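Contents: one structure, followed by commentary.
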Amino acid sequence: MNYLQYNIFYWHHSERTGLARCRNCSQFSFFLKVNHNGLCDKCVPIIENIVLSCARIMKESLNFLNKSEDLQTRLTYCNLLFKNALRLEEYEKKGIQTIKPHPSIFIEECQKIKKELHHVSLKEERIS
Ligand SMILES: [Zn+2]
């Protein structure tokens with residue numbers, strides 16, 4: 001899995017006013033300011049924190065997943081990566097940008113890796 005170099009979406013505050021709805025909390029008003037990611041002022045820092053922390057864990061997990069030869073270790077980090085990608089996928093479903101490649105890509109990849117690891121572990125059991 002070669003996604004070690006992915007981009008974290010950049011939250012600068014290019015605000016847009018007018019009739020707007022926040023993509024996260026669904027607040028809707030004529031006076032609401034949302035940024036270019038469709039988020040209101042309250043949601044921007046909250047989501048930024050969550051995304052940065054999930055992305056950091058994902059990066060570390062990917063690193064261990066790619067480096068490790070041990071089946072159990074790889075499975076552990078694959079699950080950790082999966083869990084954090086799922087968390088970010090909630091935002092993807094709401095149309096909020098978080099990381100690129102999108103979280104759903106990581107989820108697909110994790111599912112493939114899990115299948116692979118499962119096959120390998122079956123083979124190893126047969127050998128031993
Ligand atoms: Zn909001």
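Quick grid of which residues meet (1) of a type in the set (K, R); (2) touching a strand residue (DSSP E or B) at 6+ places or on another chain (Cβ under 9 Å):
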residue	(1), (2)
E90	no, no
K93	yes, no
I99	no, yes
P103	no, no
E108	no, no
Q111	no, no
K114	yes, no
H119	no, no
E124	no, no
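When you go through L71, L117 one by one, which is the residue that is touching a residue at least 40 places away in the same chain (Cβ under 8 Å), touching a Ser or Thr at 6+ places or on another chain (Cβ under 9 Å), more than 17 Å from A55 (Cα to Cα) and surrounded by 12 or more Cβ atoms within 10 Å (Cβ to Cβ)? First the steps, then the outcome.
On the way: L117 fails: touching a Ser or Thr at 6+ places or on another chain (Cβ under 9 Å).
L71 is the lone residue from the list that is touching a residue at least 40 places away in the same chain (Cβ under 8 Å), touching a Ser or Thr at 6+ places or on another chain (Cβ under 9 Å), more than 17 Å from A55 (Cα to Cα) and surrounded by 12 or more Cβ atoms within 10 Å (Cβ to Cβ).
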When restricted to C54, C78, the only residue in a helix (DSSP H, G or I), over 30 Å from E125 (Cβ atoms), within 17 Å of the chain's Cα centre (by Cα) and not aromatic (F, W, Y) is C54
Log entry, pairs with first residue in segment 30-50 being touching a residue at least 60 places away in the same chain (Cβ under 8 Å), second being surrounded by 17 or more Cβ atoms within 10 Å (Cβ to Cβ) and in a helix (DSSP H, G or I), beta carbons closer than 6 Å, six or more apart or on different chains, reads none
Residue set E116, E92, E60; condition under 10 Å from the mean Cα position of the chain (by Cα) and part of a helix (DSSP H, G or I); output residue E92
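In segment 95-106, what residues are buried (at least 19 other Cβ atoms within 10 Å of the Cβ) and in a helix (DSSP H, G or I)? Give the derivation first.
We begin by selecting, within segment 95-106, every residue buried (at least 19 other Cβ atoms within 10 Å of the Cβ); these are 96-99, 103, 106.
If the condition is that a residue be buried (at least 19 other Cβ atoms within 10 Å of the Cβ) and in a helix (DSSP H, G or I), then P103, F106 are the ones that fit.
What is the residue count in segment 22-73 for residues that are among the polar types (S, T, N, Q) and touching a strand residue (DSSP E or B) at 6+ places or on another chain (Cβ under 8 Å)?
Let us first name the residues in segment 22-73 that are among the polar types (S, T, N, Q), namely 24, 26-27, 29, 35, 37, 49, 53, 61, 63, 66, 68, 72-73.
Going one step further and asking which of them are touching a strand residue (DSSP E or B) at 6+ places or on another chain (Cβ under 8 Å), we end up with 24, 27, 29, 35.
Residues flagged as among the polar types (S, T, N, Q) and touching a strand residue (DSSP E or B) at 6+ places or on another chain (Cβ under 8 Å) within segment 22-73 amount to 4.
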Restricting segment 38-94 to residues that are touching a Leu at 6+ places or on another chain (Cβ under 9 Å) and of a type in the set (G, A, S), the one farthest from the ligand (Cβ to nearest atom) turns out to be S61
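Rule-based calculations on the coordinates, nothing more; no lab input. A quick note: this is a predicted structure, and the numbers were derived from the prediction, not measured. FYI the Cβ positions are ideal-geometry reconstructions off the backbone, even for glycines, and counts take in every protein chain you see.
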